[in-house]
Every structure is written in structure tokens, then in C-alpha cells.
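Heads up: the structure comes next, in C-alpha cells.
The values are calculated or read from the model by the stated rules, or taken from the named source; none is laboratory data. Small disclaimer: the values here were computed from a predicted structure and weren't measured. Because the Cβ atoms are built from the backbone with ideal geometry, glycine has one as well, and the counts that use them run over all protein chains shown. Surface areas here come from the heavy atoms of the whole protein model, side chains and all, with no ligands, DNA or RNA. Shrake-Rupley method; radii C 1.70, N 1.55, O 1.52, S 1.80 Å.
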Amino acid sequence: MSVATMTLFHSPASPFVRKVLVLLHETGQTDRVALKTINLTPVNPVAELNEGNPAGKIPALRLADGTVLFDSRVIVEYLDDQHVGNPLIPREGPARWRRLTLAALGDAIMDAAVLTRYETFLRPEEKRWDAWVEAQLDKVRRGLAHLEQEHVAELSSVFDVAAIGVACALGYLDFRMPEFGWRERQPKLAAWYAQVNQRASMKATDPALT
Ligand code: BEZ
């Protein structure tokens, strides 16, 4: 057991945070990071989080020398560089760009889902913009349809940065938008997710249980 030398500013509900936590579990690095929970919304900035992180992003990772890394993509890449097992981001070649692009699609689905959550949950009802929400949901639908049509075999090949990103995006949809009903439209993706969701890293980071 090693001593935690880094601090992860996190919110258990954030799918972007979850990607980092899943990677820590998958690479055996959980002991190296202390968790600092931040209750953050876009209209509730937290002064401590903003030190070295002016946009107040979570996740943010404070290293032993005080350097603060953000956002989740940078943190994931940093932590993947810090372990001796198989890299979860291919280091070079076409596979690197393919897997990172797939991971970016997972992030785009998360972005649209989180923005939908903010608009429907945080914003006062009289100020809500239905067409904007619908446009975000369309991004989610298009992203999921593309994954179903093109990428399930690739996702199934290895539980790496791409698979972690997509799994965390699907987990967030289930957590915050259980009525969205994506499984009926994407049965292959649903079967893949049912499998990877059994991994210890996914169970340990389930936002409904943490
Ligand atoms: C949420 O509560 O859904 C949430 C919290 C932090 C970041 C993103 C989403």
C-alpha cells in the first residue's frame, strides 16, 4: 500500500470524474490519490478548487509538488503514464488516434447529458429553453447511434480509455436520465455495457452507490 501523494478534486456524480476513478482502479493506483469532494454547480464556484484551476474544473488533480492538472483528458493521460501495466491509451500509431477519438465521443455524450441535467434540474423552470435541451439530447442520440452502428466490436476488444469513456457516459445516462431508454435503440451497445458494468472498477465507482 502506497501513501497518497496526489489529491483528486471530485464529485461522485460527475461522469468525467468517474473516468479518472475507473482508470485508477484499472491501473492499481487508487492508493496514490486522496479524494477531496467538491459540491459544485455552475453557479456555485468553490474558492479552493479555483487555485491553479481558474475555470474551476472537476476533476482536477493536485500533484505532490502543487501542480494542478485539469481536465479529465489530461488527468487520464497523466495517470496512464504513471503505471507499469499495459497502457490504457495506445502510445502511438493509428490506434492512439482511433481510441482517443472514441473516448472523445464518450466525452461529447457526457457533455450533452450534463448540460441537459443542468438545464432541466438547476435552471428555474420559467427560464428553461426546450429547443436547446432537445438539441443536446439529439447529440446524445446521434452519438449512441454511431457507437451502435460502427464501434461495438472495437469497444469490446479492450477496456481502455475509449471503453472507459463510453461506459462512464452510459452510466451517467442511467444515473441521471433513467427514462431515456437508450437500450431499446442500441441493443448491441447495451449488451456490451451490461458486461463491462460488472467490472470491479465500474462497481466501485457507481454514482448511485457512492
Ligand atoms: C451531476 O450531479 O449530475 C453532476 C455533478 C458534477 C458534474 C457533472 C454532473
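Checking each residue in segment 186-206 for being open to solvent by 60 Å² or more (accessible area, probe 1.4 Å) and touching a helix residue (DSSP H, G or I) at 6+ places or on another chain (Cβ under 7 Å) picks out LYS188, ALA200. The single residue among THR120, THR101, THR67 that is on the phi < 0 side of the Ramachandran plot, of a type in the set (Val, Ile, Thr) and open to solvent by 70 Å² or more (accessible area, probe 1.4 Å) turns out to be THR101. Go through segment 79-98 and give me each residue that's among the hydrophobic types (A, V, I, L, M, F, W, C) and exposed (fewer than 11 other Cβ atoms within 10 Å of the Cβ). Within segment 79-98, VAL84 is the sole residue that qualifies.
One line per residue, one yes/no per condition, for (1) more than 19 Å from the chain's Cα centre (by Cα); (2) among the polar types (S, T, N, Q); (3) modelled with pLDDT of 95 or more; (4) not assigned by TED's automatic domain parsing to the domain that holds ASP71:
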position	(1), (2), (3), (4)
ASP111	no, no, yes, yes
VAL114	no, no, yes, yes
TYR118	no, no, no, yes
PHE121	yes, no, no, yes
ARG128	yes, no, no, yes
ALA131	yes, no, yes, yes
ASP138	yes, no, yes, yes
HIS146	no, no, yes, yes
VAL152	no, no, yes, yes
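Counting the residues of segment 6-44 that are within 14 Å of ALA60 (Cα to Cα), more than 13 Å from the ligand (Cβ to nearest atom) and open to solvent by 60 Å² or more (accessible area, probe 1.4 Å) gives 2.
Condition check ((1) open to solvent by 20 Å² or more (accessible area, probe 1.4 Å); (2) of a type in the set (Ser, Thr, Tyr); (3) out of contact with any Lys or Arg (no Cβ under 6 Å at 6 or more places or on another chain)) across all residues:
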site: CYS168; (1), (2), (3): no, no, no
site: GLY171; (1), (2), (3): no, no, yes
site: PRO178; (1), (2), (3): yes, no, yes
site: GLU184; (1), (2), (3): yes, no, yes
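Selection of helices (runs of 4 or more DSSP H) fully inside segment 12-123 by the criterion of at least 2 residues being under 30 Å from VAL158 (Cβ atoms) returns 15-26, 72-80, 93-117.
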